[in-house]
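Participant: Have a look at the structure that comes next, please.
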Amino acid sequence: MDECDGNHRCQHGCQNLVGGYRCSCPQGYLQHYQWNQCVDENECQNSQICGEASCHNTLGSFRCLCPTGFNYEQFSGGCQDVNECSSPQNPCNYGCSNTDGGYLCGCPPGYYRAGQGHCVSGVGFGSGGPGAGQGGDADDNSLSPEACYECKINGYPKKGRKRRSTNGTDDTPMGESQHEQETISLASVDIDDTILFNFNISDLNNKDHLLEFTPALSTLNDHVRYMIDFGNDDGLFRINQKEGISYLHLTKKKILPGAYYLQISSVPLYRKKELANLEDKHDKDYLTGQLGDTLKMKVQIVLH
């Protein structure tokens with residue numbers, strides 16, 4: 001007798017047996033031999049199911065997970081690097097260099113990378129300054145104009161350098177500054193150590209930009225503030241902002257020769273609601289990567 005031909009109590013299909021029948025289970029479930037119920041099948045018990053990726057069992061299914069910066073490729077069965085620089089939402093303001101599982105943001109000419117997300121420059125980075133000693137070989141750490149042509153293809157910001165044609169001719173529109181044709185620097189300063197600056201006090205005034213800071217990450221545009229954490233009890237230094245550039249300068253107070261130790265930090269300016277919206281639209285560690293590292297830069301300014 002075929003019990004499956006007619007009314008039966010099976011919700012997910014019926015299988016006729018000699019002298020009886022058995023209810024089937026939906027995909028991702030197995031029938032428990034004792035309880036006669038459908039229970040979740042743990043597909044992750046098959047060690048090869050996700051290849052090199054890690055397996056996460058879910059109710060009735062499973063997920064293959066990769067570290068941040070990688071996507072799971074079902075055909076290859078492994079984790080493939082995500083080229084963030086080729087995405088329409090280019091994360092960088094001045095140039096992007098893809099790395100294994102991440103990316104590096106370049107800086108404008110004359111600036112140095114300070115951590116992930118910030119660029120620093122100023123009169124202290126002139127010849128013989130920290131830029132020459134700690135910035136590294138600029139020729140080896142800079143993107144050529146041809147490399148930045150690739151950055152343009154990969155979603156280079158509209159305000160950045162214009163695209164160069166493959167035949168090498170100059171496509172710069174009339175009136176566009178030749179400054180935009182310069183290379184983008186990937187040179188960096190070591191912010192783990194105190195950076196030393198020497199200035200002749202007679203050559204300085206309160207309008208000189210001792211240091212300049214600008215965000216390298218596009219998500220920090222108009223959403224970051226640079227401030228002096230400590231070392232400025234007498235109010236001899238100040239950080240102001242103008243046209244997206246934050247700069248450290250002397251105040252009008254009388255300053256004496258000597259050594260001054262400062263720590264300069266960055267503070268992302270996002271409201272709680274804005275942060276919640278970003279987290280809802282992206283994965284949970286989106287903010288860690290997109291907002292970069294909090295800048296903690298220790299400097300020693302010696303005035304003589």
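The values are calculated or read from the model by the stated rules, or taken from the named source; none is laboratory data. Please read these numbers as outputs of a predicted model, since none were measured by experiment. All Cβ positions, even for glycine, are placed from backbone atoms using ideal geometry, and neighbour counts span all protein chains on display.
Participant: Contact list please: Cβ distance under 8 Å, first residue in the stretch 1-26 and closer than 30 Å to Leu59 by Cα, second residue exposed (fewer than 14 other Cβ atoms within 10 Å of the Cβ) and among the basic types (Lys, Arg), pairs at least six apart or on different chains.
Facilitator: Close Cβ pairs satisfying both conditions: Cys23/Arg9.
Participant: Let me ask another. Take Phe199 and decide whether it is crowded, with 17+ Cβ neighbours inside 10 Å and either over 27 Å from the mean Cα position of the chain (by Cα) or of a type in the set (Lys, Arg) (or both).
Facilitator: Considered against the rule, which asks whether it is crowded, with 17+ Cβ neighbours inside 10 Å and either over 27 Å from the mean Cα position of the chain (by Cα) or of a type in the set (Lys, Arg) (or both), Phe199 comes out as yes.
Participant: Same structure again: I need the strands (runs of 3 or more DSSP E) fully contained in the stretch 6-112, keeping only those with at least 1 residues that are under 29 Å from the mean Cα position of the chain (by Cα) and surrounded by fewer than 18 Cβ atoms within 10 Å (Cβ to Cβ).
Facilitator: So the answer is 54-58, 61-65, 70-73, 78-81, 96-99, 102-105.
Residue-by-condition table, conditions (1) at pLDDT 85 or above; (2) touching a Phe, Trp or Tyr at 6+ places or on another chain (Cβ under 6 Å); (3) within 29 Å of Cys14 (Cβ to Cβ):
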position: His32; (1), (2), (3): no, no, yes
position: Val39; (1), (2), (3): yes, no, yes
position: Asn42; (1), (2), (3): yes, no, yes
position: Cys50; (1), (2), (3): yes, no, no
position: Thr58; (1), (2), (3): yes, no, yes
position: Leu65; (1), (2), (3): yes, no, no
position: Thr68; (1), (2), (3): no, no, no
